[in-house]
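Scroll down for the structure; my scribbles are underneath it.
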2 protein chains.
Amino acid sequence: MQELIESITRKLQVLREARESLLEDIQANGVLGDEVEAIAKDVCKPSELDKFRMFVGDLDKVVNLLLSLSGRLARVENALNDLDENTSPGERQSLLEKQRVLIRQHEDAKELKENLDRRERVVFNILAGRLSDESLADYEHFVKMKSALIIEQRELEDKIHLGEEQLKCLLDSLQPDRGK
Amino acid sequence: MQELIESITRKLQVLREARESLLEDIQANGVLGDEVEAIAKDVCKPSELDKFRMFVGDLDKVVNLLLSLSGRLARVENALNDLDENTSPGERQSLLEKQRVLIRQHEDAKELKENLDRRERVVFNILAGRLSDESLADYEHFVKMKSALIIEQRELEDKIHLGEEQLKCLLDSLQPDRGK
């Protein structure tokens, strides 16, 4: 048992260091985005800059929304798979209802993401006519990394959360033994 | 008891009739939207039509998202208010964590809605230069009604759901009495 606790503790430490490093990457990417925006501000019309800013502002919100709904849907579907003959019909019904709502919301979020991808192409075409090749490459990198870093962050947070839960369970399960 | 059941049953019937009538309004508003889109298709540039369609497509998704998050947040906050000294710290912690996540998602959804409102003004300005006064008024009515009808639909569905739950509880509570 003590070995398992140490192993999870080490794993958690590695994950937390990865999170530190990821937060630095996110910050660096934000700086890159600010630089591109500062250049775009000089060369774009106000309405074009507005499109740029709205697209970038919506990007992390829609990606976070999609990830959150995928996660909740997966958890509800796992719970449905874990049902057995002891499950009350009410509980099964409530899970099926949750699944139904989440599937619809997930479809909606996917459509928001598709429209966002189209807005990304519109903004790219605007910037392609305004920015130097180098700045345009920076913009592309910034946008690609912004989604990728959010996804990585979510996965890391989930792993850390899981590790912390496991550790808590193990420590709790030791507690009553000591008391005896 | 029987009186209460009859009263809820009657209330449910009224609500379901209201839902029928609301669905007709939603359909009629959809037809109006299709008409405006058909006219816009003739007089707008493809990129402008694209903006119109993306805005309209995102509108119900973002409004639904906001309503769903407001509802979940209210339920979690009610649950937190209902806690008493018998609640385990784990349960309280889990609710606080849910509240924390929902508050952030609700903030994100509000920002998506703010950006959507800005896109609405962009689309309005485009159409104001292209459509007749009458068609522009139709467009404004269509967009205003689209959000309002979604909100009304959500409120009705919630009331119907609540009534059905109440009725089910009442009928279930009668069941064992009959068995005795």
For chain A, calculated [θ]222 nm from helices alone, where every DSSP H run of n ≥ 4 adds -39500 (n - 2.57): -34000 deg cm²/dmol
Determine the per residue accessible area of chain B with all protein chains present and a 1.4 angstrom probe, expressed in square angstrom. 62 Å²
Let me know the shape class of segment B:66-119, please: from the alpha-carbon gyration tensor, a ≥ b ≥ c as square roots of the eigenvalues, rounded when a/c is under 1.5, otherwise prolate if a/b is greater than b/c, or oblate. prolate
Counting only protein heavy atoms, what percent of the accessible surface of chain B is carbon or sulfur at a 1.4 Å probe? 50 percent
How large is the charge dipole for segment A:2-174, taken about the Cα centre, if only the Cβ atoms of Lys, Arg (+1) and Asp, Glu (-1) carry charge, to the nearest 20 debye? 540 debye
Heavy atoms only, 1.4 Å probe, whole protein assembly: order A:Asp82, B:Asp172 by accessible area, highest first. A:Asp82, B:Asp172
With Cα coordinates, the longest principal axis of chain B makes an angle with the long axis of helix B:2-43, in degrees rounded to 10, of 20 degrees
Occluded residues from segment A:112-137, i.e. those whose accessible area drops by 30 Å² or more once the chain is not alone (1.4 Å probe): A:Leu112, A:Asn115, A:Arg118, A:Arg119
Answer in debye to the nearest 20: the dipole magnitude of the protein assembly as shown about its Cα centre, from +1 Lys/Arg and -1 Asp/Glu charges placed on Cβ, is 120 debye
Gyration tensor (alpha-carbon) shape descriptor, segment B:29-162, a/c threshold 1.5: prolate
Where the label is 7 Å out from Cα toward Cβ, how close does B:Leu22 come to the same position in every other copy, in nm, shortest first? 4.0
Euclidean distance between Cα centres, segment B:109-180 to segment A:1-48, Å: 37 Å
Applying the Karplus parametrisation 6.51 cos²θ - 1.76 cosθ + 1.60 with θ = phi - 60° to the phi angles of segment B:105-122, what ³J(HN,Hα) value in whole Hz is obtained for each residue in order, glycine and proline being reported as x? 5, 5, 4, 4, 5, 5, 5, 4, 5, 4, 5, 5, 4, 5, 5, 4, 5, 4
I need the shape label for segment A:5-76. Rule: rounded when a/c is under 1.5, else prolate if a/b > b/c, else oblate, with a, b, c from the alpha carbon gyration tensor. oblate
Could you give me the ³J(HN,Hα) list for segment B:156-172, computed from phi with Karplus coefficients 6.51, -1.76, 1.60 and θ = phi - 60°, whole Hz, x at Gly and Pro? 4, 4, 4, 5, 5, 4, 4, x, 5, 4, 4, 4, 4, 4, 4, 5, 4
If we hang a label 7 Å off Cα along the beta carbon direction at A:Ser70, how far is it from the matching labels on the other copies, in nm, shortest first? 2.9
Label 7 Å beyond Cα on the Cβ vector: B:Leu96 copy-to-copy distances, nm: 3.8
Hey, which of these cross-link pairs are over 26 Å Cα-Cα: A:Lys110/B:Lys168; A:Lys144/B:Lys61; A:Lys11/A:Lys98; B:Lys113/B:Lys168; B:Lys11/B:Lys113? A:Lys110/B:Lys168; A:Lys11/A:Lys98; B:Lys113/B:Lys168; B:Lys11/B:Lys113
Total Å² of accessible surface buried at the B-A contact, 1.4 Å probe, nearest 100? 2000 Å²
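The values are calculated or read from the model by the stated rules, or taken from the named source; none is laboratory data. This is a predicted model, so every value here is computed, not measured. Every residue, glycine among them, receives a Cβ derived from its backbone with ideal geometry; neighbour counts consider all protein chains shown. Ligands, DNA and RNA are excluded from the accessible area calculation, which covers all protein heavy atoms including side chains. Shrake-Rupley method; radii C 1.70, N 1.55, O 1.52, S 1.80 Å.
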